[in-house]
Amino acid sequence: MQSVYFIKEYPTWSQLAEPMVAIRGAFLGFAFGCGALLSVTQSPWKHFGWYVCSLSFFHYSEYLVTAANNPKSLSLDSYLLNHSVEYTLAAVSSWLEFTIERMLFPGMKQITWLSAIGLIMVLIGELLRKCAMLTAGSNFNHIVQNEKSESHTLVTSGVYSWFRHPSYVGWFYWSIGTQILLCNPVCLIGYTLASWRFFRERVEEEEYSLIHFFGEQYLEYKKIVPTGLPFIKGVKVEP
Ligand SMILES: C[S@@+](CC[C@H](N)C(=O)[O-])C[C@H]1O[C@@H](n2cnc3c(N)ncnc32)[C@H](O)[C@@H]1O
């Protein structure tokens, strides 16, 4: 008698992740729509609507640009929604601060000229970051690489000729801009200090690897081009 075997095929990780990608994309689209609706009303939450649009656009476009730029590195994490616990706490704190101050001092949340300055910072920061991603192409990776891949080349053109870390410069001013937009004084100070510390450490860690990868070529580039981040010089090199 012949036996029949059924080989059970388990879905691969990428097959499992596909619906999650669609769900996150749809959620960000929905959030953007809600933000846009709030933005065009005369409600006291109007500026919060600008913020929701900025936040959802940022996360959606991180995934989209990674897909176009460096599809090999694309994953569910490319939305950067689960960046870190600190990042999530910072976002929730800013929503709480906005809500509490909105209840106690409603006038404080309706300073349109100040929110407009914040929005301009957000837009410029976003543009700079996406220009950096597109300029670096497949050399750009959300996860700092400690091993040099064969195709990794040093990028020194376009926005990389202005700053050594243009995407971090963009993200730094984007994050500060969100708090100016929300007229959140406490989070403005907190975000400025926390993101400055984060990028100081990140730049040092990244530059160790880049010097290891590109040696003299990176050291020459480092001499000519600043990091772009205030009071951050990057890794110290002994003469
Ligand atoms: C998240 S990206 C950030 C890039 C850069 N720090 C910036 O702010 O635009 C991190 C990856 O970019 C790579 N990288 C950083 N600067 C680079 C450059 N000038 N040329 C090529 N790769 C670079 C690093 O090796 C790392 O894996």
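Tabulated values for the structure
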read-out: Number of the exception - residue 104 against (1) within 20 Å of residue 54 (Cβ to Cβ); (2) more than 17 Å from the chain's Cα centre (by Cα); value: (1)
read-out: Qualifying residues in the stretch 171-197 (those that are of a type in the set (Phe, Trp, Tyr) and farther than 28 Å from residue 103 by Cα) - the one farthest from the ligand (Cβ to nearest atom); value: 196
read-out: Number of the exception - residue 82 against (1) surrounded by 15 or more Cβ atoms within 10 Å (Cβ to Cβ); (2) assigned to a loop (DSSP other than H, G, I, E, B); (3) not acidic (Asp, Glu); value: (1)
read-out: Every residue from the stretch 126-170 that is of a type in the set (Phe, Trp, Tyr) and within 8 Å of the ligand (Cβ to nearest atom); value: 140, 160, 163, 168
read-out: In the stretch 212-231, the residues that are farther than 17 Å from residue 161 by Cα and within 12 Å of the ligand (Cβ to nearest atom); value: 212, 213
read-out: So residue 168, is it surrounded by 20 or more Cβ atoms within 10 Å (Cβ to Cβ) and outside any loop (DSSP other than H, G, I, E, B); value: yes
read-out: Residues (surrounded by fewer than 16 Cβ atoms within 10 Å (Cβ to Cβ), free of Cβ contacts under 8 Å to residues at least 60 places away in the same chain and either in contact with a Gly (Cβ under 6 Å, 6 or more places away or on another chain) or of a type outside the set (A, V, I, L, M, F, W, C) (or both)) located in the stretch 58-79; value: 71, 75
read-out: The lone exception for residue 200 - which of (1) part of a helix (DSSP H, G or I); (2) over 30 Å from residue 97 (Cα atoms); (3) basic (Lys, Arg); (4) within 13 Å of the ligand (Cβ to nearest atom) it fails; value: (2)
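Values in this text are rule-based calculations from the coordinates and carry no lab data. Model, not experiment: these values are computed from the prediction. Glycine also receives a Cβ, built like all others from the backbone with ideal geometry; neighbour counts cover every protein chain displayed.
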